[in-house]
Amino acid sequence: MVGPQYDFLLNPLGAVRSTFDQAISSGSDPSSFNGRDWGAIDLFRNFLSDHLSQVPVLTAATIRRVKPNTLVRFRGMIQDMLGNEIYVGAFKDGSVWRTNKFMDVNKLMDDSHFPMASSEDTAIWERRLLYCVPVPGLNSWAEISPEAVTNQCMDWPPEQREKRRRADDDSSDMLVSGDEVQGSPNTKKNRGEQPSIASHSMGVVPEVAGSSLNVVPGLDGNSPSCIVKIYDSPESELRLNDIFEFVGILTSDPELDEDNEDRDLSNEFCEDPLHHFPPNKVPRLHCFIHRKLAVQDLVRKNPTIEPTPDLIKGIREALIRHLTAVLGNDDVAAHFMLLHLLSKVHARADAFAVGNLSLNLTCFSKEIVSIFGDQLNLAVKNLLPFTHHIPLTVEYLNDASLSPKKNYDTNRLETGILQLADGSHLIIDETKLEAGTLNSVGVENARLLKYLMECQKVEYDFKYYKMEMETDVQLLILSEGKSNILPADVILPFQPSAASCSEAVATEAWEAWRWYLASAKQLTHSIDLEMQKVVENDLVAARQTDRSLNPHDLSRWLTMGRLISLSFGETSLSQEHWQMVKELERLRRERLK
């Protein structure tokens, strides 16, 4: 049986052109393909269902070693949405229709195809432009294993390596020297059109990592951000700050800069939205398939056996023991810390975010934070995929750029420290905060942090107006006394009884705890009618006993009840778990006296 005359990994454009030619030969009208697939996406979806692991991952470490016009994966957060790009999607080359879809330019097109206007010989289409960056605060354990990429590089069979060497030798006139590209554009284009034998090789990175042949032309290897071009997808599928995995064709062509400079933009529909993203600095990825990633997708290993209640309870107890050791044998702090790590926004009522449980550990002096603060920060980094640490000082508040801001000169959304992916964790260390004067920036930054904690929203500054963006960030505050800047849901004095944590943790334990936290967070929860009556009576009695209790306190108890149930893998509140809530609250209030 003869395979297809293209290689999905090394020559994905071959599949695009082949399916387009088939669609045209069957009588389809090219103009009908604006926003619609002609069979190429389905072809790649079928291939990737079995071979996704073979697709090289685009990272700061691999970006200089991946060939242009090959299939790659990129994981990142949508940091900015640049609008739509209008391009010549299909055009007639003599009597033959060709397509520009999933590529930046086509050298067969001459000036007769510009200005871009629909005619009998051209079809004008649109694609969405996203600026994506590595997920802020992504910890190394949550990244795709670099060993997998290295293994892909070394798994070429001997005959495929020899074939690749010959192909590289044939293209040696296209090597980069400084910022100049040598060789004719037509030579490069024709080389990209040559069909290769279908194969399922393990990767596309050449054998010699240090060779100049491995470098994507003109690419700055220190830039792991990416322009992702989206085709045929509803706008509602992709939102700002969402995390996605994109699979598509990598391009990074310095000649695009020259094309954009030489072309008369007065005949274009609008100014080039990518003018401030030169392709020699920010590569382009023409996306075939994209999928939104959740925290569970970043956890490498799940239990190989059915997660029974006993298994969940055992994992929970082991994690509690570790948190207790990290926190100097403070068992109460460890239990509150677990609830804090399990919390997430699961609903919103007006301006109130339901489900989040921010935690303020007090009695942290500079000496104590130097011991337990570092241990706690390390533990959180090992448990959660996205973590951040802010040593809060007057100077930091006066100088930091927390809120994202729109720059109308470059038409870019300039990121701020608080532009974070949902599920991020933020430790704020107030022990370094001393007396000082806040300037206008400092006052605004303090307000932004307080607003984030109270409402789980971040204000984006569009110069002429502010826009509130919902978020889901867990906040842990370490302070000597109760924080005056950040009013947390739970205030707990820290009472360690041991000096330090010397416990060694096995990799398998970390992986089990990560899976446990990610899975428990996603469970649904309810309270049956009988327990609703019990909870209601207890809340009324508590309010009669202590008039200082307010609706926020009572809401916190309900949140704690939900989180304790989830910590045992349960989806409904039991009498036992509700008693644990009341006992934890009693112990906490005793420390506040």
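Observations
- Residue match in the range 19-35 (condition: of a type in the set (Phe, Trp, Tyr) and either within 18 Å of Tyr231 (Cα to Cα) or modelled with pLDDT under 90 (or both)): yes
- Matching residues, the range 24-42, being of a type outside the set (S, T, N, Q), surrounded by fewer than 20 Cβ atoms within 10 Å (Cβ to Cβ) and without any contact (Cβ under 8 Å) to a residue 60 or more places away in the chain: Gly27, Asp29, Gly39, Asp42
- Qualifying residue in the range 460-470 (condition: surrounded by 20 or more Cβ atoms within 10 Å (Cβ to Cβ) and at pLDDT 90 or above): no
- Entry remark, the range 382-405: residues being under 17 Å from the mean Cα position of the chain (by Cα) and closer than 16 Å to Leu478 by Cα number 2 in total.
- Residue pairs meeting the criteria (Cβ under 7 Å; at least 6 apart or on separate chains; first within 17 Å of Asp121 (Cβ to Cβ), in the range 99-110; second part of a loop (DSSP other than H, G, I, E, B) and modelled with pLDDT under 90): Asn100/Asn106
- Meets criteria (at pLDDT 90 or above, surrounded by fewer than 16 Cβ atoms within 10 Å (Cβ to Cβ) and either at negative phi or part of a loop (DSSP other than H, G, I, E, B) (or both)) for Glu508: yes
- Subset of the range 462-494 (residues that are under 30 Å from the mean Cα position of the chain (by Cα) and part of a strand (DSSP E or B)): Lys466, Met467, Glu468, Met469, Glu470, Val473, Gln474, Leu475, Leu476, Ile477, Leu478, Val490
- Restricting attention to the range 512-560 and to residues that are under 30 Å from Ala318 (Cβ atoms) and among the small types (Gly, Ala, Ser), the residue that is surrounded by the fewest Cβ atoms within 10 Å (Cβ to Cβ) turns out to be Ser526.
- Exactly one residue among Thr437, Thr431 is open to solvent by less than 50 Å² (accessible area, probe 1.4 Å) and either within 29 Å of Gly328 (Cα to Cα) or over 17 Å from the mean Cα position of the chain (by Cα) (or both), and that residue is Thr431.
The rows are residues; the columns are (1) more than 26 Å from Ser140 (Cβ to Cβ); (2) touching a residue at least 60 places away in the same chain (Cβ under 8 Å).
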{"site": "Arg291", "(1), (2)": "no, no"}
{"site": "Thr308", "(1), (2)": "yes, no"}
{"site": "Asp330", "(1), (2)": "yes, yes"}
{"site": "Ala334", "(1), (2)": "no, no"}
{"site": "His340", "(1), (2)": "no, yes"}
{"site": "Val345", "(1), (2)": "yes, yes"}
{"site": "Leu357", "(1), (2)": "yes, yes"}
{"site": "Glu367", "(1), (2)": "yes, no"}
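- The set of residues in the range 375-419 being out of contact with any strand residue (DSSP E or B) (no Cβ under 6 Å at 6 or more places or on another chain), open to solvent by 10 Å² or more (accessible area, probe 1.4 Å) and within 30 Å of Ala512 (Cβ to Cβ) consists of Gln375, Leu378, Asn382.
- Odd one out for Val105 among (1) surrounded by 16 or more Cβ atoms within 10 Å (Cβ to Cβ); (2) at pLDDT 90 or above; (3) under 22 Å from Gly248 (Cα atoms); (4) of a type outside the set (S, T, N, Q): (2)
- Condition check for Leu71: farther than 19 Å from Val88 by Cβ and open to solvent by 10 Å² or more (accessible area, probe 1.4 Å): no
- Hey, Leu426 of a type outside the set (Gly, Ala, Ser), closer than 21 Å to Lys482 by Cβ and surrounded by fewer than 16 Cβ atoms within 10 Å (Cβ to Cβ) or not: no
- Failed condition for Leu256, given (1) at pLDDT 65 or above; (2) open to solvent by less than 20 Å² (accessible area, probe 1.4 Å): (1)
- The one condition in (1) open to solvent by 20 Å² or more (accessible area, probe 1.4 Å); (2) part of a helix (DSSP H, G or I) that Leu563 fails to fulfil: (1)
The values are calculated or read from the model by the stated rules, or taken from the named source; none is laboratory data. Just so we're clear, the structure is a prediction, and the values are computed from it rather than from any experiment. Glycine gets a Cβ as well: all are built from the backbone with ideal geometry, and neighbour counts include every protein chain shown. The area values use the complete protein model at the heavy-atom level, side chains included, leaving out ligands, DNA and RNA. Shrake-Rupley method; radii C 1.70, N 1.55, O 1.52, S 1.80 Å.
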